[in-house]
Every structure is written in C-alpha cells, then in structure tokens.
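Report on the structure given below.
The values are calculated or read from the model by the stated rules, or taken from the named source; none is laboratory data. Note that this is a predicted model, so its numbers are computed, not measured. Ideal geometry is used to build each Cβ from the backbone, glycine not excepted, and the neighbour counts take in all protein chains shown. Ligands, DNA and RNA are stripped out before the accessible areas are found, and what is left, the full protein with its side chains, is counted by its heavy atoms. Shrake-Rupley method; radii C 1.70, N 1.55, O 1.52, S 1.80 Å.
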Amino acid sequence: MNALGVAVSVEARKAVASRVVPWTSGILILGLAALTGGLLAAAAAGDERVLARLGPLADTHGWTLLVGTAAQILAAGGFGACGILIAWLYGREFADGTVAGLFALPVPRSSLAVGKLLVFLGWATVMALVLTAMLGLIGTAAGLPSTDPDGTLQLLRIPLLTLLTACLAVPAGWVASVARSILAGIAATIVLLIVAQVCAVLGVGAWVPLIAPALWAIAPDTVPWPSLLGVVTVPIVFGAATALTWAQMQLDR
C-alpha cells in the first residue's frame, strides 16, 4: 500500500472511532428530516409566516416543494456540519497534542493532509446517499407519487447539492491547519456562511460559488452550469494549499 493509501486507511479508522463523525452525521440527518417535515406541515396548514419564508416555493407543491424546502435547509445546515467536521479532521491533531507524533511517521505529512480530505469527501458521499434516501421516504410517507419521473429528477438534486456543499467547506480545513485550531476552522465556516447569505440577499448568488449550488437546487434554470463547475475547483485549490501547509509544517510554530 502506498503512502496515500496508508493515510486514508489511518484517517478513516480515526474518524470512525471518534464521536464527532457520528454526532455530526446524526444531527444533520435528524435535523434535516425534522425541519423539512415541520415546514411542510406548517405550509400545508396555511401558516403565513412559513409561507412567507418559503418565498416562491410557497406556490409549488409535491416533490418540487419537498426538495426546494430541504435544499434551503441543507445549504445552510449542511455547510455548517461540513465545516465543523473538516475543521475537526485537521485541527484535532493540534487540539489533542498528537501533531508531534506525525513527524516520526514514514508517511509524508502532505499525504496525511490529502488523506483527511479524501475521508471527508467519502463521508460527504455517504451523507449524500443517506439524505437522498431519507427525503425519498419522507415524500413517499407524505403521499407523493414514488413512480413520478419528475419527482425522481427533483430528488436527484439533493446528492449533488450535498457534495457541492462539502466542496465549499474545504477552506475551513485549510484555515484550521494554518491557525492550528479547530475553532479557527469553525469561525471560517461561520464567516463563509454569512458571506453566502449576504450574496443571496444582494441577488448576486448565481455566479458566486458559495451560494450557486443552493440556488441551483431550488431553481435550476437560474444558475448557469459554469458557476457550478467553479465549485469543483475549491477542494482542488484549498486541498493543495492544505497539503503544502502540512508539508512545510514545523514543530516550533
């Protein structure tokens, strides 16, 4: 097994053995289910406050309403969960005082950094499948037609939104590495989330990677595909920057 394979294996075992990953996953899954179900129930009951917050989605129904509502929640909540997790993956070595031991390993520190990123993206892939299946069950339980082709297409936006949201959270891992702090990575996540909300309010989100995936999941026709492709460059750029940071890391700083 090469160095990267060893790094991925080790980081995966550490992630599975931790409490952070299952707690983050559980809160995201249950939170999305509860909030989506609650908002849909309130909208069906004619709650004017909920309908006002749903915006244009209030005039939709069926799978469009379900997926659009879930996308709004997932864009913000999912980004927060991803940011916290990747900040922990990189920052835990400093918080637990285990970073010094990494210098004695035969595996390059840059490979460890890439391994952490691959574990994070693997987790995001699993979450994308789980969340999609869960929303499918919620829709079926709500009486939506399970054989509707349009419903299937609507639902397929969720896994892509989940993966794109995970990609956007990768800078938090770089910040946690540079600052050597989990809290710094979480703070970066909060700042990015605020920036995304401001861009959404200003109406410039279609070409801003931070908000483009959420807008696409709600209204695909409003977001050009090149904008979504730009999101894919985020983990490449910041993943490389993080690997470089770990490669040049010194114990006296």
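Of these, ALA240, ALA206, which one is over 15 Å from the mean Cα position of the chain (by Cα) and closer than 17 Å to THR165 by Cβ?
Of the residues listed, the single one that is over 15 Å from the mean Cα position of the chain (by Cα) and closer than 17 Å to THR165 by Cβ is ALA206.
I need the full set of residues from segment 188-227 which are within 30 Å of GLU93 (Cβ to Cβ) and open to solvent by 40 Å² or more (accessible area, probe 1.4 Å), in order please.
Across segment 188-227, the qualifying residues are ILE190, VAL191, LEU192, LEU193, ILE194, VAL195, PRO209, LEU210.
State which residue is surrounded by the fewest Cβ atoms within 10 Å (Cβ to Cβ) when the search covers only segment 78-98 and only residues that are in contact (Cβ under 8 Å) with a residue 12 or more places away in the chain and closer than 12 Å to ARG180 by Cα.
The extreme case among them is ALA95.
What about ALA100, is it of a type in the set (A, V, I, L, M) and more than 14 Å from the chain's Cα centre (by Cα)?
yes
Which of (1) over 16 Å from the mean Cα position of the chain (by Cα); (2) modelled with pLDDT of 90 or more; (3) surrounded by 16 or more Cβ atoms within 10 Å (Cβ to Cβ) does ARG19 not meet, given it meets every other one?
So the condition that ARG19 fails would be (3).
Going through segment 172-187 one residue at a time, which ones are open to solvent by 20 Å² or more (accessible area, probe 1.4 Å) and either more than 16 Å from the chain's Cα centre (by Cα) or more than 16 Å from LEU28 (Cβ to Cβ) (or both)?
TRP174, VAL175, VAL178, ALA179, ARG180, SER181, ILE182, LEU183, ALA184, ALA187
So which residues in segment 198-217 are in a helix (DSSP H, G or I), free of Cβ contacts under 8 Å to residues at least 24 places away in the same chain and out of contact with any Ser or Thr (no Cβ under 8 Å at 6 or more places or on another chain), if there are any at all?
Correct list: VAL198, CYS199, ALA200, VAL201, LEU202, GLY205.
Starting from residues that are of a type in the set (Val, Ile, Thr) and buried (at least 16 other Cβ atoms within 10 Å of the Cβ), keep the ones in segment 1-16 and report whichever is farthest from SER111 (Cα to Cα).
VAL10
For residues in segment 99-148 being of a type in the set (Gly, Ala, Ser) and not in a helix (DSSP H, G or I), which is surrounded by the fewest Cβ atoms within 10 Å (Cβ to Cβ)?
Looking at residues that are of a type in the set (Gly, Ala, Ser) and not in a helix (DSSP H, G or I), I get ALA104.
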